[in-house]
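All remarks here apply to the structure that follows.
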Amino acid sequence: MFGKMWKAFLAQVNKLANFFWQADPIAQMQLEYDNAVEQLKEGRRGLEQYRALVERVTRQVKNNEHREQELTAQVKAYLKTGDRESAGKFAVELKSIQAELAENRSQLELHEKSYDNNVKKIKRATEKLSDVRAKIQKYDAELKMSEAEAEVAQLAQNFNFDVTTDFGELETVINERIDLNHAKTRVAADLSEEGIAEIEAEERMQKAMADDLLTQFEVEMGLKTSDTAGVKEEAKSIGAENEPTAEQKESALGEFEKEIGS
């Protein structure tokens, strides 16, 4: 039972880990790159320490070679003087130095070879890290570009001014408001023109009535005939019924001339 619970717990933990792992793959790659860089730095520091060991062995080899040369010269010098005892003592020391020199040379060769191999590995790792960094930048750019393209594609679809889309509905509302504004403007203009037309019609009617009355008055006064005045037949009949006498015409004409003269 506890085993099953533990497995179920591990499964959930693994699920959560996978979620965070896949949430931002570029960040995960960057983290791996940073860890590799830190490891490379540690390897470089270790390589520096190892190189110090190689330098120490190199120095020992040089000291052994120098001591070998000194002992060889001393042995030869004592042999020339015939002091074999002293020459033998230095010969024994020379033999020991030569053995130590051979051992140090062997160690130096191994250390140099190991150092060179590690240098190659670190150089190779550095090159790979450069490639990884370039890939991270490339993948980051491609991922952002693909996300941008997806967003643009989605926006392009949403920007379709179809009546079934939000933009289409908004376009309809805007057009309705534009039509309403145009209608208000047209109604205001029509109402304004209607008022002016009525006023002008009334003025024309009044002017026409005044002209008719004046014409009738002129006809009645004898200033104009019915033919020159253009009075209608109805007006003639009315005027005929009330046709003034010659004395009335002469009197009215005299009064009118006085008014004109005054």
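The values are calculated or read from the model by the stated rules, or taken from the named source; none is laboratory data. These numbers come from a predicted model, not from an experiment. Reconstructed Cβ throughout: ideal geometry from the backbone, glycine too, with neighbour counts over all protein chains shown.
Data overview
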{"item": "Subset of the stretch 118-152 (residues that are of a type in the set (Gly, Ala, Ser) and within 23 Å of the chain's Cα centre (by Cα))", "result": "Ala141, Ser146, Ala148, Ala150"}
{"item": "Pairs with Cβ under 7 Å, 6+ apart, first in the stretch 41-63 and surrounded by 15 or more Cβ atoms within 10 Å (Cβ to Cβ), second of a type in the set (Lys, Arg)", "result": "Val61/Arg105"}
{"item": "Residue that is within 19 Å of Glu48 (Cα to Cα) and either free of Cβ contacts under 8 Å to residues at least 40 places away in the same chain or loosely packed, with under 14 Cβ neighbours inside 10 Å (or both), where the choices are Lys121, Lys76", "result": "Lys121"}
{"item": "Filter pass, Glu103 being assigned to a helix (DSSP H, G or I), charged (D, E, K, R) and either modelled with pLDDT under 90 or not assigned by TED's automatic domain parsing to the domain that holds Leu47 (or both)", "result": "no"}
{"item": "Single condition Ala99 does not satisfy, out of (1) closer than 30 Å to Gln69 by Cα; (2) in contact (Cβ under 8 Å) with a residue 60 or more places away in the chain", "result": "(2)"}
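Conditions (1) under 34 Å from the mean Cα position of the chain (by Cα); (2) at pLDDT below 75; (3) of a type in the set (A, V, I, L, M), marked per residue:
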{"residue": "Met5", "(1), (2), (3)": "no, yes, yes"}
{"residue": "Val13", "(1), (2), (3)": "no, yes, yes"}
{"residue": "Ala17", "(1), (2), (3)": "yes, yes, yes"}
{"residue": "Ala36", "(1), (2), (3)": "yes, no, yes"}
{"residue": "Arg45", "(1), (2), (3)": "no, no, no"}
{"residue": "Glu55", "(1), (2), (3)": "no, no, no"}
